[in-house]
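Asker: Before I ask anything, let me first share the structure, which is written out below as structure tokens.
The values are calculated or read from the model by the stated rules, or taken from the named source; none is laboratory data. None of these values were measured; they are calculated from a predicted model. Cβ: placed from backbone, ideal geometry, glycine included. Neighbour counts: every protein chain shown.
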Amino acid sequence: MTDLLFRGGRVFTAATGPGDPPGFAEAVLVRDGRIAAVGPAAEVTAAARPGHQTVDLRGRLLTPGFTDAHVHPIQAGLERARCDLAEIYGLPAYLARVAEYAAAHPDLTWITGGGWDMAAFPGGLPHRSQLDTIDRPVYLIQRDHHAAWVNTRALEIAGITAATPDPADGRIERDPGGAPSGVLHEGAMDLVGLLTPRPTAADLDAALMDAQSHLFSLGITGWQDAIVGSYAGSDDNLPAYLSAAAAGRLRARVVGALWWDRARGAEQIEELVDRRSRAVGSFSAGSVKIMQDGIAENFTAAVIEPYCGCGPDRRGLSYVDPEALTGHVAELDRLGFQVHVHAIGERAVREALDALEGTDPANRHHIAHLQIIEPSDVPRFARLGVTANLQPLWATHHRQMDELCIPYLGEERASWQYPFADLVRTGARLCAGSDWPVSSADPLQGMHVAVNRTEPGGSVHAGYPTAGTPFLPHQRLDLATVMTAYTAGSAWINHDDRAGVIAPGNRADLVVLDRDPYTLPPEEIWTTRVALTFAGGECVYERAG
């Protein structure tokens with residue numbers, strides 16, 4: 001292969017561990033898909049073989065490829081192919097899109113899709129009647145994937161009435177008289193979701209390929225799929241990954257976090273071991289995803305003290321009994337699995353940390369989301385060797401935060417949200433991800449929020465009155481720290497020790513940005529875009545123009 005020389009701009013090489021300073025260089029040489037040299041431009045250029053190809057950075061920034069440590073690409077790809085509400089906002093826009101989609105697909109027996117935002121509705125709750133103009137059953141997943149909006153026809157098909165009890169792991173939202181209102185929370189989603197038409201193997205493959213292309217366009221060359229299994233009406237996506245990896249069509253490096261079925265117990269561990277053993281090519285499956293709670297907006301996030309104004313018993317849900325969780329985690333750790341925990345509320349975070357006490361740090365366990373951390377638990381991440389998996393885009397003043405979270409969390413608990421700087425100060429290792437399609441997969445948007453704690457321009461919430469007011473600004477990160485989380489930190493959490501850092505011998509997963517964000521005012525970081533993406537030294541994305 002021809003040598004590839006990058007020069008003419010700065011190179012962000014990333015830091016290799018917590019507390020290490022980030023590095024910068026002038027040039028990078030790639031040979032046979034690996035980094036051959038990094039350093040001063042003259043020295044690296046001299047090492048290039050005759051006939052090499054030069055990429056003139058023209059003052060732009062070269063970085064390691066980004067790794068998304070918590071993402072749902074196949075689900076995102078499916079939603080992009082269905083009735084996709086993610087890029088619009090508000091009831092009139094949603095209803096227009098649903099009607100347009102239904103008219104364009106008269107052959108479909110169900111109208112399915114997702115991406116609606118709780119903040120677009122009073123109290124965060126749409127109603128079945130708003131979808132009843134559609135002549136077919138409708139099932140639309142909420143942007144956060146913790147609720148579904150359905151019409152009356154869908155409820156009738158599922159047999160859901162005022163007499164239908166709530167499942168143990170969810171809630172049927174109800175009108176004052178007890179009739180189902182059309183919103184199904186958490187486990188209640190399956191009451192309708194499992195009745196919707198199932199995607200074919202070809203549908204899942206197309207969704208994965210579409211998602212991979214989109215992620216490449218954002219500089220993402222590796223990721224951890226945070227649910228590989230069946231959840232809330234979704235289908236097992238393991239076969240799609242295995243097929244694509246075996247055929248060489250999965251160009252990214254992917255770790256599948258195998259889904260822990262919270263309705264079952266330790267008897268599923270043997271199955272997880274078998275699923276792990278089926279990994280092939282660029283896909284591995286050495287992580288297990290445990291969802292310990294829900295989200296704060298629908299009061300299913302597990303909190304220590306009750307939600308404000310919701311009665312003394314409204315403390316959210318611990319999906320796995322904490323005592324049982326400790327035993328399951330210990331056995332998974334003994335078997336060499338990484339444990340990847342979803343924890344939003346401070347009680348769930350504490351339960352996860354308690355369960356991870358005494359586990360082997362070499363397995364690289366991590367807790368994702370971390371919306372609320374009780375301050376005494378913050379230092380435990382470093383002490384236990386547990387990585388904090390951040391989704392920075394959520395740490396702003398937006399309507400969902402200001403109207404559906406803060407009033408019910410209370411002043412003190414609301415001040416514990418997304419304590420990124422405190423985690424760094426206490427020595428925690430960071431990785432970062434998007435939770436796409438819950439929110440944008442763009443790492444640069446996430447970096448903007450981590451640095452500014454304000455909404456990036458162009459987001460659906462950018463026009464909200466307090467979107468430009470920093471949210472708990474003392475928890476800001478500097479750009480190098482959060483960029484390291486998206487590169488070295490997330491590659492490390494994927495056990496991908498030859499990625500995430502631009503160093504000799506590492507795989508040439510690289511990104512050329514269209515400008516150097518380190519030279520921009522912090523409030524303009526969001527304007528940065530990806531110009532080129534390389535995976536293993538091969539260009540997999542080039543921005544038009």
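Asker: Name the one entry in Val424, Val449, Val341 that is outside any strand (DSSP E or B), surrounded by 24 or more Cβ atoms within 10 Å (Cβ to Cβ) and of a type in the set (A, V, I, L, M).
Answerer: Val449
Results for (1) acidic (Asp, Glu); (2) in contact (Cβ under 8 Å) with a residue 12 or more places away in the chain; (3) in the same structural domain as Pro137 (by TED's automatic domain parsing), shown as yes or no for each residue.
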site: Arg31; (1), (2), (3): no, yes, no
site: Glu87; (1), (2), (3): yes, yes, yes
site: Thr109; (1), (2), (3): no, yes, yes
site: Gly113; (1), (2), (3): no, yes, yes
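Asker: Right, next: Taking the condition of being free of Cβ contacts under 8 Å to residues at least 12 places away in the same chain and hydrophobic (A, V, I, L, M, F, W, C), how many residues in region 508-526 meet it?
Answerer: Adding up the residues that qualify gives 1.
Asker: Kindly indicate whether Asp84 is charged (D, E, K, R), surrounded by fewer than 20 Cβ atoms within 10 Å (Cβ to Cβ) and in contact with a strand residue (DSSP E or B) (Cβ under 9 Å, 6 or more places away or on another chain).
Answerer: Judged against the criteria, Asp84 is a match.
Asker: Just to be sure I understand the filter: pairs with C-beta atoms under 6 Å, separated by 6 or more residues or on different chains, first member in region 239-255 and closer than 11 Å to Ala285 by Cα, second member of a type in the set (S, T, N, Q) and modelled with pLDDT of 95 or more. Which pairs pass?
Answerer: Val255/Gln224; Val255/Ser284; Val255/Ser287; Val255/Asn494
Asker: I would also like to ask the following. Can you find a residue that is in contact with a Phe, Trp or Tyr (Cβ under 7 Å, 6 or more places away or on another chain), assigned by TED's automatic domain parsing to the domain that holds Ala491 and either of a type outside the set (D, E, K, R) or within 29 Å of Phe299 (Cα to Cα) (or both) anywhere in region 173-185?
Answerer: Yes, region 173-185 has at least one match.
Asker: Within region 56-74, can one find any residue that is within 25 Å of Ser213 (Cβ to Cβ) and surrounded by fewer than 17 Cβ atoms within 10 Å (Cβ to Cβ)?
Answerer: Restricting attention to region 56-74, the residues satisfying the condition of being within 25 Å of Ser213 (Cβ to Cβ) are 57, 60-74.
Cutting the leftovers down to surrounded by fewer than 17 Cβ atoms within 10 Å (Cβ to Cβ) gives us none.
Checking region 56-74: not a single residue is within 25 Å of Ser213 (Cβ to Cβ) and surrounded by fewer than 17 Cβ atoms within 10 Å (Cβ to Cβ).
Asker: Would you mention how many residues in region 344-398 are part of a helix (DSSP H, G or I), within 17 Å of His70 (Cβ to Cβ) and touching a residue at least 40 places away in the same chain (Cβ under 8 Å)?
Answerer: Counting residues in region 344-398 that are part of a helix (DSSP H, G or I), within 17 Å of His70 (Cβ to Cβ) and touching a residue at least 40 places away in the same chain (Cβ under 8 Å) gives 6.
Asker: For residues that are over 17 Å from Arg153 (Cα atoms) and touching a residue at least 12 places away in the same chain (Cβ under 8 Å), scanning just region 89-107, find the one that is nearest to the chain's Cα centre (by Cα).
Answerer: It comes out as Tyr89.
Asker: Looking at (1) under 25 Å from Ala81 (Cα atoms); (2) of a type in the set (Val, Ile, Thr); (3) more than 11 Å from the chain's Cα centre (by Cα), which is the one condition that is false for Val438?
Answerer: (3)
Asker: Can you report the number of residues in region 96-121 which are more than 27 Å from Gln212 (Cβ to Cβ) and surrounded by 16 or more Cβ atoms within 10 Å (Cβ to Cβ)?
Answerer: Residues in region 96-121 being more than 27 Å from Gln212 (Cβ to Cβ) and surrounded by 16 or more Cβ atoms within 10 Å (Cβ to Cβ): 6 in total.
Asker: A follow-up question, please. If the Cβ limit is 6 Å and pairs must be 6+ apart or interchain, which residue in region 527-539 that is outside any strand (DSSP E or B) pairs with which residue that is among the acidic types (Asp, Glu)?
Answerer: What qualifies is Arg529/Asp514.
Asker: Could we say that Met189 is closer than 20 Å to Cys539 by Cβ and either in a helix (DSSP H, G or I) or at pLDDT 95 or above (or both) here?
Answerer: Considered against the rule, which asks whether it is closer than 20 Å to Cys539 by Cβ and either in a helix (DSSP H, G or I) or at pLDDT 95 or above (or both), Met189 comes out as no.
Asker: For region 134-160, how many residues meet the condition of being free of Cβ contacts under 8 Å to residues at least 24 places away in the same chain and touching a Pro at 6+ places or on another chain (Cβ under 7 Å)?
Answerer: Total satisfying the criteria: 1.
Asker: Just to verify a result, which residue in region 221-243, among those that are crowded, with 24+ Cβ neighbours inside 10 Å and part of a helix (DSSP H, G or I), is farthest from the chain's Cα centre (by Cα)?
Answerer: Ala240
Asker: May I pose another question? Condition first: over 24 Å from Arg529 (Cβ atoms), touching a Ser or Thr at 6+ places or on another chain (Cβ under 8 Å) and assigned to a loop (DSSP other than H, G, I, E, B). Now tell me which residues in region 192-220 satisfy that.
Answerer: Thr196, Pro197
Asker: Looking only at region 303-338, count how many residues are among the acidic types (Asp, Glu) and not in a loop (DSSP other than H, G, I, E, B).
Answerer: Result for region 303-338: 3.
Asker: If I go through region 1-55 residue by residue, how many of them are surrounded by 15 or more Cβ atoms within 10 Å (Cβ to Cβ), in a loop (DSSP other than H, G, I, E, B) and not hydrophobic (A, V, I, L, M, F, W, C)?
Answerer: Result for region 1-55: 11.
Asker: Quick test of your reading of the structure: Ala102 fulfils all but one of (1) aliphatic (A, V, I, L, M); (2) at pLDDT 95 or above; (3) under 18 Å from Tyr486 (Cβ atoms). Name the failing condition by number.
Answerer: So the condition that Ala102 fails would be (3).
Asker: Of all residues in region 299-315, which are surrounded by fewer than 23 Cβ atoms within 10 Å (Cβ to Cβ) and in contact (Cβ under 8 Å) with a residue 24 or more places away in the chain?
Answerer: Once the filter is applied, which keeps residues that are surrounded by fewer than 23 Cβ atoms within 10 Å (Cβ to Cβ) and in contact (Cβ under 8 Å) with a residue 24 or more places away in the chain, region 299-315 yields Phe299, Ile304, Glu305, Tyr307, Cys308, Gly309, Cys310, Arg315.
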